[in-house]
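In what follows, a structure is listed as structure tokens, so that the remarks can point back to it.
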Amino acid sequence: MRAASDQTADSNYKFKDFMGLISRVTRRKGLFLAGILLSVLSSGATLLVPQLTKGLIDTSKLAQIDKKMLGILLAAFAAQLALGTLSSFLLRYAGEATVKALREELWNHLLLLPVNYYDEHKSGETTSRLVNDTGVVTNLVAQQFPATVSGLLQLVGALIILFLMDWQMAAMIFIGVPLVVIIMMPIGKIMAKLGRQLQKATADFSGDVTEKLSEIRLIKASNGEDFERNRGQEHLQQIFGISIKDAKVSAFLQPIMMTAMLGMFVGLLGYGAIRVQAGTMTSGSLVAFLLYLVNVISPVATFAMLFAQVQRAMGATERIDQILREPVENQESGAELAIDGLPIKARNLSFSYETGRPVLTDVSFEALPNTVVAFAGPSGSGKSTIFSLLEGFYQPDNGVIMVGDQPLTSIRLSSWRSQIGYVSQDSAVLAGTIRDNLNYGLPRALPDERLWEGLRMAFADHFVREFPEQLDTQIGERGVKLSGGQKQRLAIARAFLRNPRILMLDEATASLDSQSEEQVQRALEELMKDRTTFVIAHRLATIVNADRIYFVEQGQITGAGTHQELLRDHPLYREYVQEQILEN
């Protein structure tokens, strides 16, 4: 289904869509216009040089050079150099600012996309869109386009001057230039097609590499190096093959341009020499014509490259535009709501990740203020999905979550999430220092005293003090330099420091040894006071004292009550408890 929609997008994406996106993110328009103006002046100075050269040749004698004309020529060279340098910088600056704005818009949009977008797209592929595809746009907007603007001005100016000087000589150029364009058009289309294929192959490789490197321990533990080596070689061979095809096509480009330039140069030189001998043209005019020929041929080559680059950039911006068209989470609409003292109720929730495969069916539960509600049941029964719905990561297919007398969808999402402290079973931490992780998501950085207090309450201060750099210790990507238990306690400390109104504990003590679990359990019990707490746990000790336990089986709640009530009335819960006792 996605492939079909992508093909539809391919056929519907046009040049006006590409220009619309570039125009929307264009910044520094004043600098851009100033760069264009300076480019006009620079092109004027460039076009003046052949005329001055003509005058210098025609007025100078064998033993004497016209010094006045030479001085004017050198001044024109200096003006062209200064104006060209400044215009090139301003146009490049404006182009880089545009690409920066595009990357900012894309990055900000990615951060606001809902979780289900990332369920369907590889993170490495999305990263490739942000880095590689915008890099293609960089080449066009910041480099190719400024060169084209200058070249276009020179081309138009040179052709006008050539016709004013000698229409017969100019007609020869007009015959040659269209021939070059006709030759270059199919080459440009082939390069554009290959560019799209190369971008896709690179994105696929980037996505695969990101996924595999994040699971390098699984690869090594499974002796998967040979399999991944072969898979990587297949990706690289595909990229290499496309690149070689692109290199073959590109290899034709320079010889064709050189041949065309030499052919036109020789043709004009031969015809001009005849005209000079016949006395109908001066030597200076012939030299000027040859110099103007350079101002015609070079822009034509630039336009050919621009055409290919535009096609590649359209392929890149098409995928960027597809991401920017994805609907984002509306985090700021709705009412601010302090949830202290409010019950949370779920009524008849149904949810499926894929059509026809329900994960939750008609699920209802209630959490009274400042109580502990636990969800128990076998793995894959839908407990974590309930947490995802509570956090607003997904919207239920049917049913509603009520906070007090308001549906969750009417509450400002950023306000709702700011009042939740979440500790997951995979103890998510980010690359950086311990200090960075403890402060993450807080409106302002906390003083070290508060950080140590949070660590102490999570029984994490002892191992942090043992590190030479303590709070400034780098923990590596995904916290690889910490043990599972250390990462879990760090995540719990972060929840303490967040001081949430709702706690969500998803197997929060799963990675702890028995001694640490007992300590952290006491800390969590302290943290749970005067807060509404949702708990997912397999371990009996975590849920036995909950105010209410919901037993979840195959996406449905089959029992609800206290531990003693379920033990008495729910056979599967009783079996579940007995298995826990045997395991311990």
Condition (residue is modelled with pLDDT of 75 or more and part of a strand (DSSP E or B)) applied to the stretch 317-338: is it met by at least one residue?
yes
Which pairs do you get when a residue that is under 16 Å from Ala171 (Cα atoms), found in the stretch 263-288, comes within reach of a residue that is open to solvent by 40 Å² or more (accessible area, probe 1.4 Å) and basic (Lys, Arg), reach meaning Cβ atoms under 6 angstrom, with the pair 6+ apart or on two chains?
Ser285/Lys54; Ala288/Lys54
Could you grab me the full set of residues in the stretch 342-377 that are within 14 Å of Ile549 (Cα to Cα) and either part of a loop (DSSP other than H, G, I, E, B) or of a type in the set (A, V, I, L, M) (or both)?
Val363, Ala367, Leu368, Thr371, Val372, Val373, Ala374, Ala376, Gly377
Is it true that Phe467 is modelled with pLDDT of 80 or more, farther than 27 Å from Leu342 by Cα, open to solvent by 20 Å² or more (accessible area, probe 1.4 Å) and hydrophobic (A, V, I, L, M, F, W, C)?
yes
Are any residues in the stretch 406-434 open to solvent by 40 Å² or more (accessible area, probe 1.4 Å), closer than 15 Å to Gln488 by Cα and not small (Gly, Ala, Ser), and if so, which ones?
Tyr422, Gln425, Asp426, Leu430
Going through the stretch 237-252 in order, the residues found to be under 23 Å from Asn132 (Cβ atoms) and either at pLDDT below 85 or open to solvent by less than 90 Å² (accessible area, probe 1.4 Å) (or both) are Ile239, Gly241, Ile242, Ser243, Ile244, Lys245, Asp246, Ala247, Lys248, Val249, Ser250
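The values are calculated or read from the model by the stated rules, or taken from the named source; none is laboratory data. These numbers come from a predicted model, not from an experiment. Cβ coordinates were reconstructed from backbone atoms using ideal geometry, including for glycine residues, and neighbour counts include every protein chain displayed. All accessible areas refer to the heavy atoms of the entire protein, side chains included, with ligands and DNA or RNA removed. Shrake-Rupley method; radii C 1.70, N 1.55, O 1.52, S 1.80 Å.
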